Amino acid sequence: MRTIEYSGQVLAKIISIGECTRPIQFFSEADDALQVGVSICSKGNYIQNHIHNIFPRNSMILNEVLYVVKGAMKANLYSADRKFVESALVKEGEFIILLNGGHGFEPLTDETVIFEAKNGPFVSVEHDKTKF
C-alpha cells in the first residue's frame, strides 16, 4: 500500500489487489467516512447474512474509491487549498482511496475501465464539486 500525505493529512492510498492476503482486510481507518476493505473468500466459507442498522452518521466530506479494471490512469492529487501535491500511477488491478484534498484523472490507455464508488447521497455536480 502506498499512502500519499500532505501536511500530515492522508490524501490517498493506492492498493494492489495482490497485496490483499488476509481473509478480511480493511485499508481505511475506523473513523474514515468511507470504509474500504477486501474479502478473500473460499468455497464453503461465507459472510454471514446480515443487515446494516439504521444509525445517524455525519459525513462532511465526500470520499471515493476507484478501481482500475482495465488499463491504467494517472491520478493528480491536490491539497484542500488546490496546491498540486503529486501524480500517482494507478494500474490495472489497483485501487485508490481518495480521502482528502482534490484530484483529477487522466486515462493512460485506450478504453481504460474504472469502477467508482463514493458515499452519498449525491445532490448535484454544482453542490458536491468545486472544479479548478
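The values are calculated or read from the model by the stated rules, or taken from the named source; none is laboratory data. No experiment lies behind these values; they were computed from the predicted model shown. Using ideal geometry, Cβ is built from the backbone for each residue, glycine included, and neighbour counts are taken over all protein chains shown. The accessibility values were calculated without ligands, DNA or RNA, using every heavy atom of the protein model including side chains. Shrake-Rupley method; radii C 1.70, N 1.55, O 1.52, S 1.80 Å.
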Only residues that are of a type outside the set (A, V, I, L, M), outside any loop (DSSP other than H, G, I, E, B) and within 21 Å of residue 10 (Cβ to Cβ): list them for region 45-96, please. 64, 67, 74, 76, 78, 84, 86, 87, 91, 94, 95
Within region 57-71, does at least one residue satisfy the condition of being surrounded by 11 or more Cβ atoms within 10 Å (Cβ to Cβ), in contact (Cβ under 8 Å) with a residue 60 or more places away in the chain and either closer than 21 Å to residue 120 by Cβ or not acidic (Asp, Glu) (or both)? yes
Looking at region 9-18, can you tell me whether even one residue there is open to solvent by 100 Å² or more (accessible area, probe 1.4 Å) and of a type in the set (D, E, K, R)? no
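Residue 51: open to solvent by 30 Å² or more (accessible area, probe 1.4 Å) and in contact with a Phe, Trp or Tyr (Cβ under 8 Å, 6 or more places away or on another chain), yes or no? So that I can check it myself, show each step before the final result.
Working: open to solvent by 30 Å² or more (accessible area, probe 1.4 Å): yes; in contact with a Phe, Trp or Tyr (Cβ under 8 Å, 6 or more places away or on another chain): no.
Considered against the rule, which asks whether it is open to solvent by 30 Å² or more (accessible area, probe 1.4 Å) and in contact with a Phe, Trp or Tyr (Cβ under 8 Å, 6 or more places away or on another chain), residue 51 comes out as no.
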Of all residues in region 85-125 being among the polar types (S, T, N, Q), farther than 21 Å from residue 5 by Cα and at pLDDT 95 or above, the one that is most open to solvent (accessible area, probe 1.4 Å): 109
Top-ranked residue in region 19-28 [being out of contact with any Ser or Thr (no Cβ under 8 Å at 6 or more places or on another chain) and at pLDDT below 90; ranked as least open to solvent (accessible area, probe 1.4 Å)]: 20
